[in-house]
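Inspection log for the structure reproduced underneath, given as structure tokens.
Please treat every number below as a calculation from the coordinates, not as lab data. Not measured: the values here are computed from a predicted model. Reconstructed Cβ throughout: ideal geometry from the backbone, glycine too, with neighbour counts over all protein chains shown.
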Amino acid sequence: MTRLTNLPDLIPVFPLPGALLLPRARLPLHIFEPRYLAMLDDALKTDTRLIGMVQPNEIEGREGHGLHRIGCAGRITQFSETEDGRYMVTLSGVSRFRVLAEVEGFTPYRKCEVSWEGFDRDQSSSEADPGFDREAMMRLLDRYFTARDLSADWDTLREAEDELLINSLSMLLDFDPEEKQALLEAPSLSTRRETLVTLIEIALRSGTGSEEGRLQ
């Protein structure tokens, strides 16, 4: 896993609605806007190579910096450049952070002063969920995928470690940004799993429209 001993107080942030990064998970990004290409170039020049993923907050934007208070920083662990100058990037989740203030500067992208306090467990090797009932989760997922006309690699889902399964589902399933934020802010893997189950059950009860796809 990605573990850093000295986390910086100032990081670039990428406000991207619906994009969720969790500690010890990986998030692929396709970067093409000039300001975020500049952000990537600058991040690659630092020792930590960190980019903070954070959800925009429209309500707070009326009075504050327009970002949710909690995000998750990822280290650039893979990147490749396309012929037309765009980047395919993978961020490996390092730790959540709390936004303290946005810092004005001369960069085209946003930077924030952040605190890492309260997220010590994010840089541990893994997190357990003693109450996880995998078979119950598989049954719930079967209902969800059937309702949305999705297919899945069931063998991979059954064999995945608890944390990998819960976090991957949290990141990949089609929840709105505020629901993604609730999953991010869950204080433990157990509470994230409970939140995930609740969101899936709500989606099933609401009968939201189906979409075609495949969960890898």
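As a proxy for reagent exposure, Thr82, Thr191 were ordered by neighbouring Cβ count within 10 angstrom, fewest first; the result is Thr82, Thr191. Remark: the chain carries a charge dipole of roughly 220 debye about the Cα centre, counting +1 on each Lys and Arg Cβ and -1 on each Asp and Glu Cβ.
Each Lys and Arg contributes +1 and each Asp and Glu -1, all at the Cβ; summed about the Cα centre of the range 134-210, the dipole is approximately 220 debye. Neighbours of Pro17 by Cβ distance under 12 Å: Lys/Arg scored +1, Asp/Glu scored -1, total -3.
Residues whose amide H lies under 5 Å from that of Leu16, counting only those 5 or more places away or on a different chain, are Val54; hydrogens are built 1.01 Å from N in the peptide plane.
Is it possible to state the helix-based mean residue ellipticity at 222 nm for the chain, with each DSSP H run of 4+ residues giving -39500 (n - 2.57), the sum divided by total residues, to the nearest 500 deg cm²/dmol? What is it?
On the way: 6 runs with 69 residues, N = 216.
After summing the helix terms and dividing by residue count, I get -10000 deg cm²/dmol.
Taking the fewest neighbouring Cβ atoms within 10 Å as the starting point, the ordered list for Lys45, Lys180 is Lys45, Lys180.
Working ranking of peptides 154-163, 34-43 by packing, defined as the average number of other Cβ atoms within 10 Å per residue, highest first, is 34-43, 154-163. Scalar couplings 3J(HN,Hα) for the range 175-187, obtained by applying the Karplus form with A = 6.51, B = -1.76, C = 1.60 to θ = phi - 60°, are 9, 6, x, 5, 5, 4, 5, 4, 5, 5, 7, 3, x Hz; x denotes Gly and Pro. Amide H to amide H distances under 5 Å link Arg24 with Gly93, Val94, where only residues 5 or more positions off or on other chains count and H is placed in the peptide plane. Between the amide H of Asn57 and those of Leu67, His68, distances stay under 5 Å, these residues lying 5 or more places away or on another chain, with hydrogens modeled in the peptide plane. Arg134 sits among other residues whose Cβ lies under 11 Å from its own Cβ, and their net charge, with Lys and Arg +1 and Asp and Glu -1, is -3. For the range 102-118, the Karplus equation 6.51 cos²θ - 1.76 cosθ + 1.60, evaluated at θ = phi - 60°, returns couplings of 8, 10, 6, x, 9, 8, x, 9, 8, 10, 9, 7, 10, 10, 9, 5, x Hz by residue, with Gly and Pro reported as x. One equal scatterer on each Cα of the range 134-210, no solvent, Debye formula: the resulting log10 I(q)/I(0) at q = 0.13, 0.22, 0.24 Å⁻¹ is -0.36, -1.08, -1.29.
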